[in-house]
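The values are calculated or read from the model by the stated rules, or taken from the named source; none is laboratory data. The structure presented is a predicted model; accordingly, all values stated were derived computationally and were not measured. Neighbour counts run over all protein chains shown; Cβ positions are idealised from the backbone, glycine included.
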Amino acid sequence: MSTTEAQLAEVFCSIQGEGLYLGERQIFVRFAGCNLNCQYCDSPQALSVPKEFKVEVTPGKKDLKQLPNPVTADQLIELVSGLQKPKGVTQAVVLTGGEPLLQVDFLKNFLPALKQVVPLPVYLETNGVLPGHLAEIIDLVDIIAFDIKLPSATGLSEYWREHEKALATAYHKEVFVKIVFSRESKVTEMDQAVSLIAAVDEKIPLVLQPVSPHGPVKHRPNPDQILAMQAVARRKLSTVRVIPQTHKLLGMN
């Protein structure tokens, strides 16, 4: 991993469509490359590294231009700073992907410099299976949106041990957990995930996210399943909210 350059998919300004910061205006830095290949990935364009990445010129206008990969820390800071318009409306800089923690060496150099120029909270979206990498930058981020992967909803193997270690590290900062679930998801695996969260702190908020409304109908959980999953989670956690991907409904990134 490079300490001075990053591989990106896109940089843009939009409305946060998931989780507890739903509806906030944020600047998104989407890193390219991922260590997983989830069945319901909502950003498949970021799974591999493109020769060029997309950059929004005017905040919120989708007037995109192409720039070559990789990008230096100074170049990325300039791009992010240029999207902080108008002043006072942007809530955070979001590191998303792909999986940003794959480029942890770059982040260790980039984030301290970014905070000197762009005085906004750093919001990390992570798949939660790289606890060692998270520990390396935990002091440089402010908010963590932490995924727990249910095998039935993602088509992946189990990552309980990695999730447990990573969540214990994320707990030192503001953190909430997001669990995507499908019609195939099992109550038993939801209970296992909830137990993992409660073992760290029952007050960690949980966002239950039914698979995208734009996904195959046969995989979308029905209302009874959604209520049942929330009921299971509420037995052990104090805050459990069902929040779908609203940016998809708004036609935004």
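In table form, for the structure just shown:
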read-out: Near pairs, Cβ below 8 angstrom, 6+ apart or cross-chain, from the stretch 194-207 (over 18 Å from residue 20 (Cα atoms) and polar (S, T, N, Q)) to any residue that is at pLDDT 95 or above and surrounded by 13 or more Cβ atoms within 10 Å (Cβ to Cβ); value: 195/236
read-out: Which listed residue is surrounded by 15 or more Cβ atoms within 10 Å (Cβ to Cβ), at negative phi and touching a Lys or Arg at 6+ places or on another chain (Cβ under 7 Å), from 80, 55, 29, 49; value: 55
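Residue-wise test of (1) surrounded by 15 or more Cβ atoms within 10 Å (Cβ to Cβ); (2) in a helix (DSSP H, G or I); (3) touching a strand residue (DSSP E or B) at 6+ places or on another chain (Cβ under 8 Å); (4) free of Cβ contacts under 8 Å to residues at least 24 places away in the same chain.
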{"position": "12", "(1), (2), (3), (4)": "yes, no, yes, no"}
{"position": "61", "(1), (2), (3), (4)": "no, no, no, yes"}
{"position": "65", "(1), (2), (3), (4)": "no, no, yes, yes"}
{"position": "106", "(1), (2), (3), (4)": "yes, yes, yes, no"}
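For every residue, the table says whether it meets (1) more than 21 Å from the chain's Cα centre (by Cα); (2) surrounded by fewer than 22 Cβ atoms within 10 Å (Cβ to Cβ); (3) closer than 27 Å to residue 94 by Cβ.
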{"residue": "162", "(1), (2), (3)": "no, yes, yes"}
{"residue": "172", "(1), (2), (3)": "no, yes, yes"}
{"residue": "201", "(1), (2), (3)": "no, yes, yes"}
{"residue": "206", "(1), (2), (3)": "no, no, yes"}
{"residue": "224", "(1), (2), (3)": "yes, yes, no"}
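A quick yes/no check of all residues on (1) among the hydroxyl-bearing types (Ser, Thr, Tyr); (2) touching a strand residue (DSSP E or B) at 6+ places or on another chain (Cβ under 9 Å); (3) assigned to a strand (DSSP E or B):
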| position | (1), (2), (3) |
| --- | --- |
| 120 | no, yes, no |
| 128 | no, yes, no |
| 134 | no, yes, no |
| 158 | no, no, no |
| 172 | no, no, no |
| 176 | no, yes, yes |
| 180 | no, yes, yes |
